[in-house]
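Visitor: Structure in structure tokens, see below.
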Number of protein chains: 2
Amino acid sequence: MILDSETKAVELPEHHGDELRLWLRLLTCTTLIEGEVRSRLRERFDVTLPRFDLMAQLDKVPEGMTLSDVSKRMMVSNGNVTGLVERLVESGHLDRRTSDADRRVQVIRLTKAGRAEFRKMATEHELWIADIFGDLTPKDVRELMRLLAKTKASAQKSAKARTT
Amino acid sequence: MILDSETKAVELPEHHGDELRLWLRLLTCTTLIEGEVRSRLRERFDVTLPRFDLMAQLDKVPEGMTLSDVSKRMMVSNGNVTGLVERLVESGHLDRRTSDADRRVQVIRLTKAGRAEFRKMATEHELWIADIFGDLTPKDVRELMRLLAKTKASAQKSAKARTT
DNA sequence: GCCAATTACTTGAAACCTAAAGAAATCTGG
DNA sequence: CCAGATTTCTTTAGGTTTCAAGTAATTGGC
């Protein structure tokens, strides 16, 4: 118990160390796994993680997406996407065309070659992830999913409150 | 049930989608929170997250650390630390000196001004984190800590197995 | 129709980051 | 002692990333 100079009980300062430790642990886990995936992608396919991530987004939507869509989904800036797409178009993985309906909009899709290469990578990638999380039981996985969903909601709420 | 061409029961292919979804959710959570912290640091103190992280490491060890120590703790490359430190020395936050015992080694410490500025930032930062995780109960926090510890161990095991 | 606001994307500057190669100092087994 | 291996840090090249400012196209109110 903390006592002030007059020896009266005072309010304990709010103790937030637990949340901070949780955040650091969350960050450590993610950094660790991300680094591992990055290494394997480079080693096995000579591809960078951002490129893989972008292709993964596009693989889910065969009809293509706009740059803004990609930017929101990947949670990175617009300018970043522009450069990333530029290099993937250059290397033949992506097809980019201006929308007929709105000439500001660029629609990008995987090319046939890009899709084939991505699928090859994705198959192995999924095995890596399974191996990396291999010591978790199905129950652990479910419980983590639940708690992370709650965390995400809490963080979104906090972020929204700040910008309002 | 999947049946092969001769209508015999065959082994179901291993199903790893759950782990992949877990990984994506983990990544989303971290990216979301990291972005939020980054925004607040910039907005409130005009400082970048990597700089804050480096100062946080140094604050824990008043006698200073070597660049390799920092590199390991932050899980970033050596070359990255060199540049980061360079800029923080330049701005007067860090003190850098060559070790007497081993002239390859650079020991860096927070300057008095650097420490004062960091402490100011750290106080607010802790409140932000508490707010971001605000909807989690103490039990949620404990449970997440436990599961993430398990995840970290699993990932480290997997990473070690790969490089062996 | 017209103009202001908005939206979609690009550009530019600075910082961050990795991987790989290199330089300097130290360590180690003859 | 000393040559080779190792460790610590820097450098270089190529990407990635953010933020802010800018351009072009569309939308909406009047």
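Visitor: Determine, yes or no, whether B:Arg103 is within 21 Å of B:Thr82 (Cβ to Cβ) and either outside any helix (DSSP H, G or I) or more than 13 Å from chain A (Cβ to nearest Cβ) (or both).
Guide: Yes; evaluated as a whole, the condition is true for this residue.
Visitor: Let me ask something else. Can you tell me which residue is nearest to the chain's Cα centre (by Cα) among those in the range B:124-148 that are open to solvent by 50 Å² or more (accessible area, probe 1.4 Å) and farther than 23 Å from A:Ile132 by Cα?
Guide: B:Glu126
Visitor: Name every residue in the range B:129-141 that is of a type outside the set (Gly, Ala, Ser) and facing chain A (nearest Cβ under 8 Å), in order of residue number. Quick ask: steps written out before the conclusion?
Guide: Narrowing the range B:129-141 to residues of a type outside the set (Gly, Ala, Ser): B:129, B:131-133, B:135-141.
Of everything in the range B:129-141, those that are of a type outside the set (Gly, Ala, Ser) and facing chain A (nearest Cβ under 8 Å) turn out to be B:Ile129, B:Asp131, B:Ile132, B:Phe133, B:Asp135, B:Leu136, B:Pro138, B:Asp140, B:Val141.
Visitor: Residue by residue through the range B:123-148, note down the ones that are in contact with a helix residue (DSSP H, G or I) (Cβ under 7 Å, 6 or more places away or on another chain) and among the aliphatic types (A, V, I, L, M).
Guide: B:Ile129, B:Ala130, B:Ile132, B:Leu136, B:Val141, B:Leu144, B:Met145, B:Leu147, B:Leu148
Visitor: Select, from A:Arg119, A:Arg73, the only residue that is in contact (Cβ under 8 Å) with a residue 24 or more places away in the chain, open to solvent by 70 Å² or more (accessible area, probe 1.4 Å), touching a helix residue (DSSP H, G or I) at 6+ places or on another chain (Cβ under 8 Å) and assigned to a helix (DSSP H, G or I).
Guide: Going through A:Arg119, A:Arg73 in turn, the sole match is A:Arg119.
Visitor: Pick from A:Thr82, A:Thr66, A:Thr48: which is among the β-branched types (Val, Ile, Thr), more than 10 Å from DNA strand D (Cβ to nearest atom) and within 19 Å of A:Thr111 (Cβ to Cβ)?
Guide: A:Thr66
Let's see how each residue does on (1) of a type in the set (Lys, Arg); (2) away from DNA strand C (no atom under 14 Å from the Cβ); (3) closer than 26 Å to B:Ile33 by Cα:
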residue	(1), (2), (3)
B:Ser71	no, no, yes
B:Leu84	no, no, yes
B:Glu90	no, no, no
B:Thr98	no, no, no
B:Asp102	no, no, no
B:Ala122	no, yes, yes
B:Leu127	no, yes, yes
B:Phe133	no, yes, yes
B:Lys150	yes, yes, yes
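Visitor: Quick one: in the range B:85-104, which of the residues that are open to solvent by less than 80 Å² (accessible area, probe 1.4 Å) and more than 17 Å from B:Pro62 (Cα to Cα) is nearest to DNA strand D (Cβ to nearest atom)?
Guide: B:Asp102
Visitor: Tally up the residues in the range B:106-116 that are more than 15 Å from DNA strand C (Cβ to nearest atom), part of a helix (DSSP H, G or I) and either on the phi > 0 side of the Ramachandran plot or touching a residue at least 24 places away in the same chain (Cβ under 8 Å) (or both), please.
Guide: 1
Visitor: With at pLDDT 95 or above, part of a helix (DSSP H, G or I) and facing chain B (nearest Cβ under 7 Å) as the only criterion, which of A:Ser158, A:Ser154 stands out?
Guide: Working: A:Ser158 fails: at pLDDT 95 or above.
Sole residue among the options that is at pLDDT 95 or above, part of a helix (DSSP H, G or I) and facing chain B (nearest Cβ under 7 Å): A:Ser154.
Visitor: Within the range B:43-54, can one find any residue that is more than 8 Å from chain A (Cβ to nearest Cβ), more than 10 Å from DNA strand C (Cβ to nearest atom), assigned to a loop (DSSP other than H, G, I, E, B) and on the phi < 0 side of the Ramachandran plot?
Guide: Just the residues of the range B:43-54 that are more than 8 Å from chain A (Cβ to nearest Cβ), to begin with: B:43-54.
Subsequent filtering for residues that are more than 10 Å from DNA strand C (Cβ to nearest atom) retains B:43-46.
From what's left, assigned to a loop (DSSP other than H, G, I, E, B): B:46.
Checking the rest, the ones that are also on the phi < 0 side of the Ramachandran plot come to none.
Taking every residue of the range B:43-54 in turn, none turns out to be more than 8 Å from chain A (Cβ to nearest Cβ), more than 10 Å from DNA strand C (Cβ to nearest atom), assigned to a loop (DSSP other than H, G, I, E, B) and on the phi < 0 side of the Ramachandran plot.
Visitor: Check the range B:80-94 and report whether any residue there is out of contact with any strand residue (DSSP E or B) (no Cβ under 9 Å at 6 or more places or on another chain) and under 26 Å from B:Lys150 (Cβ atoms).
Guide: no
The values are calculated or read from the model by the stated rules, or taken from the named source; none is laboratory data. Please read all numbers here as calculations on a predicted model, not as lab measurements. Ideal geometry is used to build each Cβ from the backbone, glycine not excepted, and the neighbour counts take in all protein chains shown. Accessible surface is based on the protein model in full, side chains and every heavy atom, while ligands, DNA and RNA are left aside. Shrake-Rupley method; radii C 1.70, N 1.55, O 1.52, S 1.80 Å.
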